[in-house]
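Before any comments, here is the structure.
Computed from the coordinates by the stated procedures, all read-outs in this text should not be read as laboratory data. Note that this is a predicted model, so its numbers are computed, not measured. A quick note on method: Cβ atoms are made from the backbone with ideal geometry, for glycine too, and the neighbour counts reach across all protein chains shown.
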Amino acid sequence: MTPPDQPSPPDAEADVDQGRPLTADDYQALGEFRRAIRQFLAFSEEGARAYGLTSQQHQALLTIKAHPGPDPISIGDLAQSLLIKNHSAVELVARLIERDLVSRRDDDADRRRVVLELRPRGADILETISRRNLGQLRRGADILAEIIEAAHRAAPPSP
């Protein structure tokens with residue numbers, strides 16, 4: 001329940017039947033889901049640390065590589081994706097450039113826009129970490145499927 005002095009986030013409760021009290025299964029499904037996410041994130045962070053990267057640096061590399069569309073990602077897009085301020089993204093990118101993981105340049109079409117690309121070293125490190133993470137994801141797929149099934153049982157869709 002949202003404290004009285006804080007507004008409810010929009011649609012935060014839209015998919016949960018408000019007339020039904022939460023059950024132990026509801027809380028268990030949420031707990032198991034959060035635990036599975038935290039275990040995966042801890043595994044992923046450990047892999048990043050093995051290459052001297054912070055979790056945020058790893059996420060930046062992944063975001064740059066995963067950016068959809070034909071145009072390279074901008075610093076503003078990176079900041080938005082990582083849920084950080086633009087100046088924080090600029091500092092993060094500067095650290096990645098120092099390590100020869102990322103390059104930045106002015107956009108050809110709009111000189112006010114700075115775009116980012118992975119350097120070969122950054123792409124190699126990201127691929128190694130990503131292969132390890134995908135392996136862990138595959139090993140945990142059965143657990144995740146069980147958690148998702150428990151979530152469906154605990155919070156059936158509203159009519």
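Things worth noting here:
- What the pair-distance distribution of segment 89-159 shows, using all Cα-Cα distances binned every 10 Å from zero, is 17, 25, 20, 19, 18, 1 percent.
- The string of couplings for segment 135-147 from the Karplus curve (6.51, -1.76, 1.60, θ = phi - 60°) is x, 5, 4, 5, 5, x, 4, 5, 5, 4, 4, 5, 5 Hz, one whole number per residue in order, with x for Gly and Pro.
- Over all projection directions, the Cα-based convex hull of the chain averages an area of 13.1 nm².
- Ranking Ala141, Ile75, Thr54 by Cα position along the charge dipole of the chain, where only Lys, Arg, Asp and Glu carry charges on their C-beta atoms, puts Thr54 farthest toward the positive end.
- In this Cβ point-charge picture (+1 for Lys and Arg, -1 for Asp and Glu), the chain has a dipole of about 700 debye about its Cα centre.
- Rounded FRET efficiency, nearest 0.05, which uses the C-beta distance separating Arg49 from Arg95 and R0 of 22 Å: 0.90
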